[in-house]
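Participant: Let me give you the structure first, and then I'll get to my questions.
What follows draws every value from the coordinates through simple rules; no lab data is involved. Since this is a predicted model, take the numbers as computed values, not measurements. Glycine also receives a Cβ, built like all others from the backbone with ideal geometry; neighbour counts cover every protein chain displayed.
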Amino acid sequence: MLKNSFRLNDLLMTIIVWLSAALVVGAFLWLLSDLTLHGIAKLNWSFLVSAPENAGRDGGIGPILVSTLLILGVALLATIPLGLGTAVYLSEFTSGASARSIRMSLNVLAGVPSIVFGLFGNALFCIWLGLGFSILSGGLTLACMMLPIFIRSTEAGLSAVATEWRHGAAALGLTQAAALWHVLLPAAAPAIIAGLMLSIGRALAETAALIFTSGYVDRMPDSLSDSGRALSVHIYDLSMNVTGGDQSAYGSALVLIILLVVINNVAASLANRFLSQRITSS
Amino acid sequence: MMHDTKKLWRSAVLPTSYTLSNIEQGAACCVPIPQIQVENLSVSYHGKSVLEGVSLDINKGCITALIGPSGCGKTSFLSTLNRLTDLIPGCHMQGRINIDGVDVTDPRLDVLALRRKVGMIFQKPNPFPLSIRRNIEMPLREHGLRQRSAIDERVERALRDVGLWEEVRDRLDAPALALSGGQQQRLCIARALALEPSILLMDEPCSALDPIASAVVEELIQRLRNRYTVVIVTHNLAQARRVANFAAFFWMTERVGKLIEFGRCQSLFDSPSHDLTAAYVTGISG
């Protein structure tokens, strides 16, 4: 009798676990198939390269793709060095009160709604620093949002590196810089890459922060100080403000998802190559 | 007691000149020229004392085993010799340690140079996640060796010294972490030897290895005698007896580690002058 009830519990637990997994995967598949079904008709080369016409109902998303990639590029250029520096400082050079306060502020920053970042970016970059509505303002605002995620993940990766390696490096008389560069950072690379992926995901999905900083202009940008419309802003605009823009919105959303997958894969393979080179080259 | 044991081993050996000779078996091949002189050393973590009042001289070219139960401060003692204690938060040491006449407790000391001279091997083999070659090459480069041919030569010599060359010569660019545990430990020893240290600290270098790999590493340690001053922590009394010329027995009294007895390995095992030592080496306590 006792044995049976145990088996029943096991069965119940298995069902619950399977159901929740199926629910999550199902929701994702539904979203993906809905996007693909509605968007695939739009997806062709000319959609990717031509300029939007008739408020985006017709034409393509060429300039928007370019703006999106430029904004992301600016954000990454700001996030990676600053983030790595802060993470190294946190894990290797400080402990106690200052580290705790930095960590706490990062946690708070990670939870701040993006609209607040948008207003902050608008005030700081657009107005105070005089960058106006521009790709630069947008990218830097995104960097502010990406930094907490990237730093936490990198720092966790560095802290998880085995003490044996730290002590081994020190016992060989290596400087702290050499230990970091040759041992700790490569060993933490998977965590750093994961943090970068999360940050890129957040950046590409961001809409609210960009409306206030990089703006709506859907022309091809001439420089980083031009306003540029990001894909997410384009999707928002098409679905909320443009009647009859649904088809284009679906197409753009599908492109956004594909872009995310492509960037993730490229970054992962680059990181892999970098890593295996570091591990095997002489 | 301390004084007596010192006198005991000093009088027991005849000084001869120190040479890098071929390895002679047996306990009488190294000479009592102290290279490391420790005086009244105490170590504490966050104010809690773990080791108190240790004084001993460690002789050049000899193998000195540190024995005693877990937690009696052997590893702490070892870590003071290359100032690895600096890396442990809250660790504080007091007393004097002279290595070749230099006070290594001096806060102004160039610890990087000290650690180059005093290599360390850890309990768990810790090759870096790099290739076999780069594990040895990277520290060499960091210490200023740039010439390709010189580096290659040192890599090969270090690997030959630990008997790893024939096993890995055709896969020097393979990841070091793909080696077996015993090979990894020998690579770590090679990595330390490539920097041409004069002292090697070993913290239970065989305890994480299987018996066969352990025997290989132990034989290697034997071969290091005379060329390097070796200080080895081991829980394996038979091993201490086989490899060491001198032995230091640590014990916890009132929760603080103390050096109980120090002397020639053979006399410490065969005719210990302290009851605690006698009980420990015969397996009655510990």
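Participant: For the protein assembly as shown, build the charge dipole from Cβ charges (+1 Lys, Arg; -1 Asp, Glu) around the Cα centre, then report which of A:ILE102, B:ILE97, B:ALA113 sits farthest towards its positive end.
Facilitator: Projecting each Cα onto the dipole axis, the largest value belongs to B:ILE97.
Participant: Then there is this: Specify whether the C-alpha gyration tensor of region A:4-96 places it in the rounded, prolate or oblate class, a ≥ b ≥ c being the square roots of the eigenvalues: rounded for a/c under 1.5, otherwise prolate if a/b is larger than b/c and oblate if not.
Facilitator: Values: a/c = 5.77, a/b = 1.21, b/c = 4.75.
The shape class here is oblate.
Participant: Something else about it: Let me understand chain A better: what is its radius of gyration from the alpha carbons, and its Dmax, in angstrom?
Facilitator: Gyration radius and largest Cα-Cα distance of chain A: 22.8, 77 Å.
Participant: What per residue convex hull volume, in Å³, comes out for chain B when only alpha-carbon positions are used?
Facilitator: Details: hull volume 38.0 nm³, N = 286.
For chain B, the hull spanned by Cα atoms encloses 133 Å³ per residue.
Participant: Magnitude of the Cβ-charge dipole of the protein assembly as shown, K/R +1 and D/E -1, about the Cα centre, nearest 20 debye? Walk me through the intermediate numbers first.
Facilitator: On the way: 46 positive and 43 negative charges, 174 e Å.
Roughly 840 debye, rounded to the nearest 20.
Participant: Which of B:SER273, B:SER44, B:SER149 moves the most in a Gaussian network model of chain B with Cα springs under 10 Å?
Facilitator: Checking each option, the largest mean-square fluctuation is seen for B:SER149.
Participant: Of A:LEU210, A:LEU254, B:LEU66, A:LEU90, how do they rank once you tally other Cβ atoms within 10 Å and put the fewest first? Write down the numbers at each step before the final one.
Facilitator: Values: A:LEU210 32, A:LEU254 20, B:LEU66 29, A:LEU90 23.
Starting with the residue having the fewest Cβ neighbours, the order is A:LEU254, A:LEU90, B:LEU66, A:LEU210.
Participant: Antiparallel DSSP bridges in chain B: what percent, to the nearest 5? If you can, show how the numbers build up before the last one.
Facilitator: Values: 27 of 47 bridges.
So the antiparallel bridges amount to about 55 percent of the total.
Participant: Taking +1 at the Cβ of each Lys and Arg and -1 at the Cβ of each Asp and Glu, which of B:LEU200, B:ILE232, B:SER149 sits farthest along the dipole of chain B towards its positive end, judged by Cα position relative to the Cα centre?
Facilitator: So the residue we want is B:SER149.
Participant: If you don't mind, there's one more thing I want to ask. In debye to the nearest 20, how big a dipole does chain A give about its Cα centre with +1 on each Lys and Arg Cβ and -1 on each Asp and Glu Cβ?
Facilitator: On the way: 13 positive and 13 negative charges, 153 e Å.
Here chain A has a charge dipole of around 740 debye.
Participant: If you count the DSSP beta bridges with both ends in the protein assembly as shown, what percent of them are antiparallel, to the nearest 5? Write down the numbers at each step before the final one.
Facilitator: Working: 29 of 49 bridges.
The answer is about 60 percent antiparallel.
Participant: At A:ALA162 and A:MET240, where each label point lies 7 Å from the Cα along Cα→Cβ, what is the point-to-point distance in nanometres?
Facilitator: 5.1
Participant: Using the number of other C-beta atoms within 10 angstrom as an exposure proxy, rank B:LEU195, A:LEU8 with the fewest first. Spell out each step's value before the answer.
Facilitator: Details: B:LEU195 21, A:LEU8 10.
Final ranking by Cβ density, sparse to dense: A:LEU8, B:LEU195.
Participant: Region B:157-195 to region A:180-215: how many Å between their Cα centroids?
Facilitator: For region B:157-195 versus region A:180-215, the Cα centre distance is 37 Å.
Participant: To the nearest 0.05, how large is the calculated FRET efficiency for A:GLN247 and A:SER98 if R₀ is 60 Å and r is the Cβ-Cβ distance? Before the final figure, lay out the partial values.
Facilitator: Numbers: r = 53 Å, r/R0 = 0.89.
According to the calculation, E is roughly 0.65.
Participant: Mind scanning B:LYS74/B:LYS124; B:LYS117/B:LYS258; B:LYS74/B:LYS117 and naming the pairs with a C-alpha gap bigger than 18 Å? Before the final figure, lay out each step's value.
Facilitator: Numbers: B:LYS74/B:LYS124 16 Å; B:LYS117/B:LYS258 27 Å; B:LYS74/B:LYS117 20 Å.
In this structure, B:LYS117/B:LYS258; B:LYS74/B:LYS117 exceed 18 Å between Cα atoms.
Participant: Taking a ≥ b ≥ c as the square roots of the eigenvalues of the Cα gyration tensor of the protein assembly as shown, is the shape rounded (a/c under 1.5), prolate (a/b larger than b/c) or oblate?
Facilitator: Numbers: a/c = 2.66, a/b = 2.44, b/c = 1.09.
In terms of gyration-tensor shape, prolate.
Participant: Let me ask something additional. Taking the Cα centre of each part, how many Å lie between region A:221-243 and region A:11-32?
Facilitator: Rounded to whole Å, the Cα centres lie 35 Å apart.
Participant: What order do you get for A:CYS144, B:CYS62, A:CYS126 when you list them from fewest to most C-beta neighbours inside 10 Å? Please list the in-between numbers first.
Facilitator: On the way: A:CYS144 20, B:CYS62 26, A:CYS126 23.
Lowest to highest Cβ neighbour count: A:CYS144, A:CYS126, B:CYS62.
Participant: Mind listing the long-range amide H neighbours of B:ILE260? Cut-off is under 5 Å, sequence gap 5 or more, other chains count too, H placed in the peptide plane at 1.01 Å from N.
Facilitator: Hits under the 5 Å cutoff: B:PHE249, B:PHE250, B:TRP251.
Participant: Let me ask something else. Could you tell me the distance between the Cα centroids of region B:86-143 and region A:104-149, to the nearest Å?
Facilitator: Rounded to whole Å, the Cα centres lie 44 Å apart.
Participant: Given the options A:ARG100, A:ARG229, A:ARG202, state which has the largest fluctuation in a GNM of chain A using a 10 Å cut-off (strictly under) for Cα springs.
Facilitator: Result: A:ARG100 has the largest fluctuation of those listed.
Participant: At A:HIS38 and A:LEU109, where each label point lies 7 Å from the Cα along Cα→Cβ, what is the point-to-point distance in nanometres?
Facilitator: That separation, rounded to one decimal, is 3.6 nm.
Participant: Which trypsin sites (Lys or Arg not before Pro) in region B:136-220 sit in a loop by DSSP (not H, G, I, E or B) and have at most 14 other Cβ atoms within 10 Å of their own Cβ?
Facilitator: Numbers: sites: B:ARG141, B:ARG146, B:ARG148, B:ARG154, B:ARG157, B:ARG160, B:ARG169, B:ARG171, B:ARG186, B:ARG191; in loops: B:ARG146.
Passing both the DSSP loop test and the Cβ count: B:ARG146.
Participant: Name the aspartates and glutamates eligible as straight-distance cross-link partners of B:LYS60: C-alpha to C-alpha under 18 Å, and not fewer than 8 places from it in the same chain.
Facilitator: Filter leaves B:GLU24, B:GLU39, B:ASP100, B:ASP103, B:GLU196.
Participant: With r as the distance between the Cβ atoms of B:ARG157 and B:ASP100 and R0 = 35 Å, compute the FRET efficiency 1/(1 + (r/R0)^6) and round to 0.05. Walk me through the intermediate numbers first.
Facilitator: Working: r = 23 Å, r/R0 = 0.67.
E(calc), rounded to 0.05, equals 0.90.
Participant: Can I ask one more? Residues of region A:62-76 with the amide nitrogen closer than 18 Å to a label point 7 Å from the Cα of A:LEU48, along Cα-to-Cβ, please.
Facilitator: What the label zone holds, given the 18 Å backbone N cut-off, is A:62-70.
Participant: Same structure again: Pick out which of A:SER50, A:SER269, A:SER214 has the largest mean-square fluctuation in a Gaussian network model of chain A, springs linking Cα atoms closer than 10 Å.
Facilitator: Largest GNM mean-square fluctuation: A:SER269.
Participant: Then there's this: Amide H neighbours of A:ASP58 under 5 Å, counting only residues 5+ apart in sequence or on other chains, H built in-plane at 1.01 Å?
Facilitator: Long-range HN contacts for A:ASP58: A:GLU53.
Participant: Can you tell me the relative contact order of region A:1-135? Whole percent, Cα pairs under 8 Å, sequence separation 6 or more.
Facilitator: Working: 42 pairs, mean separation 15.6, N = 135.
Value for region A:1-135: 12 percent.
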